[in-house]
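Student: Sharing a structure here in C-alpha cells format.
Any read-out appearing in this document is the output of simple, stated calculations on the displayed coordinates, not a laboratory observation. Given the structure is predicted, the values throughout are model-derived calculations rather than measurements. FYI the Cβ positions are ideal-geometry reconstructions off the backbone, even for glycines, and counts take in every protein chain you see.
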C-alpha cells in the first residue's frame, strides 16, 4: 500500500495578524485585526472605533453592527494583541531556523495587506513592506522550505472599511487585485503556492474578522461575498498570467457535520448545515453559484446580480487545489433545544457524546478528518491540502525550560493517522499538511496567548509580560521524526 507522496509538503502554518507583530513598523497601516482587543475563553474580543464627537467605543467582534459615521482604529488604553503578537517581524530568522531544525518542507504564512498598501487604496505599494517579505522568503529558501502564502488572512486595511465599507463595496476588488499584482510580480520565482482568502466561508459568521465588514445585514454580506469570490477568481487568472508555474488554491473552514440522531429531520439539518462549508468552495472550485445558495438568497429576500462578464470570470478563475482547516467535527439537530451546545471553530452545533473535548471545549475527532478528506475529494476531484489542524492548550514550562506536551502529540498522531488512511486506503490526492500555530501565536477568536498551539513556546503572556524567548516543546522533536520518515514513524 503506497504511503504519502515523496514530495509531500509537511510543515506548519501561521497568520501575519496573529504572529507577525510590528503593527506600525516601516509604514505599515492599521488592519482590521489591529483594532481588535484581547479576549479570553470567557470574554469576547471587541472592535474599537471613534464617533464624530470624538468618543471612543467598542463592540463585540462577532456581532458588530457599524454605527453610522464610525471610524475604526486603535486608541490609547486598549489592549490589542496583534500589535506585538509573537514578534516574528523581529524574530523571523530565528523562527525560520527552528522550522529548518524540524525539517519543514513548507511554511504556510500570510502577507499583511496593510504592510504593502497601508490604507488599501493607494496606487503604489510600500517598498519597505515588500522588502521585508523578500527577506522572509530568502530565509525560507535558504532552509529548503517552500512558502505557501495566504494573500488575505483575517486582516484587511482598515482604511478600506472607513472609506467605503471594505468588501461591501465593489471598488475593493480592484484594490485587492492591485495588491495581488504587486506581490505576484515581486515574488515571482520565490512563491509558487498561493491561497486567495483564508476561511472565506467565515464571512457570514464573523464578517469583521474575515473581511472588515461591519454589519450583519444579509444583503450586504451577500454583496461582500460576491465581491470576494470575483476577486478570488480574477486573482487566480492574474497569478497564472504572471507565472504559469503558480498554483493557486482557496481555503475554507471545514467541519464535517453529523446528524445528532438518525431521525431524518436531523440528517436533513446536518446536510443543510454542511452547505455553510461548501457554498464558497463550490463557487471557487466549480465556477458558478450552486442552486441551493440561490434558493437561500431567494428565501432571505437577497438580490444577487451577476453580469455575463462576472459569470465568465468565476468560470475562468477556478482554483488549482482546495485547502482547508480542520479542528473538529460538528453535530446538527432539527430541534435547536436538543442536547448541549458545543463550542467550536466558528461553526458550532450540539455536543457529540462520543467525543472528548479540549480545554477550550473543542471536540476531538480524528475520524472526522478522514471523512472530511473523503467528502471534499469526492465532491471536487481536485488536490487537497490540510493547511490548519492542531490543538490549543495550556503549556507548562518546567524549571529546566522543558515543555512536556504529550497531549498535543496524541492529538496530532491520531489526526495524521486518519489523514494517511484517507490517502492510502481511500485514494485521496493530498498535497501536504501544515499544522496550525507551529510557533505559538495569538488566538484569532479569543485574542489570547494562553491558548497555545505550537511546537515552539513563545514567552509572551496575556498580561504583557515575557521576553519573547523561544523554547522547543517535546512535540518539536516528535514532529521532526514524523517529517523525516514521511509520516511512517508516529510513535
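Student: Looking at 399, 421, which one is free of Cβ contacts under 8 Å to residues at least 12 places away in the same chain, over 25 Å from residue 272 (Cβ atoms), surrounded by fewer than 18 Cβ atoms within 10 Å (Cβ to Cβ) and more than 20 Å from the chain's Cα centre (by Cα)? First the steps, then the outcome.
Tutor: Numbers: 421 fails: free of Cβ contacts under 8 Å to residues at least 12 places away in the same chain.
Result of the check over 399, 421: 399.
Student: Name the one entry in 451, 481 that is touching a residue at least 24 places away in the same chain (Cβ under 8 Å) and either surrounded by 14 or more Cβ atoms within 10 Å (Cβ to Cβ) or touching a strand residue (DSSP E or B) at 6+ places or on another chain (Cβ under 6 Å) (or both). Walk me through it before giving the result.
Tutor: On the way: 481 fails: touching a residue at least 24 places away in the same chain (Cβ under 8 Å).
When all the criteria are applied, what remains is 451.
Student: Let me ask you something else. I'd like to know if the stretch 315-338 contains one or more residues that are assigned to a helix (DSSP H, G or I) and surrounded by fewer than 22 Cβ atoms within 10 Å (Cβ to Cβ).
Tutor: Here is the first cut: in the stretch 315-338, the residues assigned to a helix (DSSP H, G or I) are 315-316.
Now drop any that are not surrounded by fewer than 22 Cβ atoms within 10 Å (Cβ to Cβ), which leaves 315-316.
For the stretch 315-338, residues assigned to a helix (DSSP H, G or I) and surrounded by fewer than 22 Cβ atoms within 10 Å (Cβ to Cβ): present.
Student: Among residues belonging to the stretch 373-394 that are surrounded by fewer than 20 Cβ atoms within 10 Å (Cβ to Cβ) and within 19 Å of residue 451 (Cβ to Cβ), point out the one that is farthest from the chain's Cα centre (by Cα).
Tutor: The residue in question is 394.
Student: Which members of the stretch 49-64 meet the condition of being over 22 Å from the mean Cα position of the chain (by Cα) and either surrounded by fewer than 13 Cβ atoms within 10 Å (Cβ to Cβ) or part of a strand (DSSP E or B) (or both)?
Tutor: In the first step, residues of the stretch 49-64 are kept if they are over 22 Å from the mean Cα position of the chain (by Cα); the result is 49-59.
Result: 49, 50, 52, 53, 54, 55, 56, 57, 58, 59.
Student: When you go through 119, 140 one by one, which is the residue that is surrounded by fewer than 24 Cβ atoms within 10 Å (Cβ to Cβ), in a loop (DSSP other than H, G, I, E, B) and in contact with a strand residue (DSSP E or B) (Cβ under 7 Å, 6 or more places away or on another chain)? Lay out the reasoning, then the answer.
Tutor: Values: 140 fails: in a loop (DSSP other than H, G, I, E, B).
On inspection, the qualifying residue turns out to be 119.
Student: Answer with yes or no whether residue 110 is buried (at least 24 other Cβ atoms within 10 Å of the Cβ) and either touching a helix residue (DSSP H, G or I) at 6+ places or on another chain (Cβ under 6 Å) or within 22 Å of residue 252 (Cβ to Cβ) (or both). Break it down stepwise before answering.
Tutor: Working: buried (at least 24 other Cβ atoms within 10 Å of the Cβ): no; either touching a helix residue (DSSP H, G or I) at 6+ places or on another chain (Cβ under 6 Å) or within 22 Å of residue 252 (Cβ to Cβ) (or both): yes.
In short, no.
Student: Residue by residue through the stretch 284-323, note down the ones that are in contact with a helix residue (DSSP H, G or I) (Cβ under 7 Å, 6 or more places away or on another chain) and under 30 Å from residue 10 (Cβ atoms).
Tutor: 284, 285, 317, 318, 319, 322
Student: Report yes if residue 276 is touching a residue at least 40 places away in the same chain (Cβ under 8 Å) and on the phi > 0 side of the Ramachandran plot, otherwise no.
Tutor: Numbers: touching a residue at least 40 places away in the same chain (Cβ under 8 Å): yes; on the phi > 0 side of the Ramachandran plot: no.
The answer is no for residue 276.
Student: Filter the stretch 145-156 for residues that are crowded, with 24+ Cβ neighbours inside 10 Å and in contact with a strand residue (DSSP E or B) (Cβ under 6 Å, 6 or more places away or on another chain); which is nearest to residue 118 (Cα to Cα)?
Tutor: Among those that are crowded, with 24+ Cβ neighbours inside 10 Å and in contact with a strand residue (DSSP E or B) (Cβ under 6 Å, 6 or more places away or on another chain), it is 155.
Student: So, one more: Name the one entry in 410, 463 that is assigned to a loop (DSSP other than H, G, I, E, B) and surrounded by fewer than 21 Cβ atoms within 10 Å (Cβ to Cβ).
Tutor: Values: 410 fails: assigned to a loop (DSSP other than H, G, I, E, B).
Step by step, each of 410, 463 is checked, and only 463 is assigned to a loop (DSSP other than H, G, I, E, B) and surrounded by fewer than 21 Cβ atoms within 10 Å (Cβ to Cβ).
Student: Can you give me the ranges of the helices (runs of 4 or more DSSP H) entirely in the stretch 168-282 with at least 3 residues that are surrounded by fewer than 23 Cβ atoms within 10 Å (Cβ to Cβ) and out of contact with any strand residue (DSSP E or B) (no Cβ under 7 Å at 6 or more places or on another chain)? Give the steps one after another, and end with the answer.
Tutor: Details: elements: 171-186, 207-211, 218-242.
Fully inside the stretch 168-282 and qualifying: 171-186, 218-242.
Student: Any residue at all in the stretch 93-114 that's touching a residue at least 12 places away in the same chain (Cβ under 8 Å), assigned to a strand (DSSP E or B) and more than 27 Å from residue 458 (Cα to Cα)? Give the derivation first.
Tutor: Going residue by residue through the stretch 93-114, those that are touching a residue at least 12 places away in the same chain (Cβ under 8 Å) are 93-114.
Those left that are additionally assigned to a strand (DSSP E or B): 106-110.
Filter once more, so that each one left must be more than 27 Å from residue 458 (Cα to Cα): none.
Among the residues of the stretch 93-114, not one is touching a residue at least 12 places away in the same chain (Cβ under 8 Å), assigned to a strand (DSSP E or B) and more than 27 Å from residue 458 (Cα to Cα), which makes the answer no.
Student: Something else: In the stretch 80-114, what residues are more than 18 Å from the chain's Cα centre (by Cα) and within 30 Å of residue 159 (Cα to Cα)?
Tutor: To start, the set of residues in the stretch 80-114 that are more than 18 Å from the chain's Cα centre (by Cα) comprises 80, 83-84, 87, 89-105.
Scanning the stretch 80-114 gives 80, 83, 84, 87, 89, 90, 91, 92.
Student: Exactly one condition in (1) within 28 Å of residue 181 (Cα to Cα); (2) in contact (Cβ under 8 Å) with a residue 60 or more places away in the chain; (3) in contact with a strand residue (DSSP E or B) (Cβ under 8 Å, 6 or more places away or on another chain) is not met by residue 83; state its number.
Tutor: (3)
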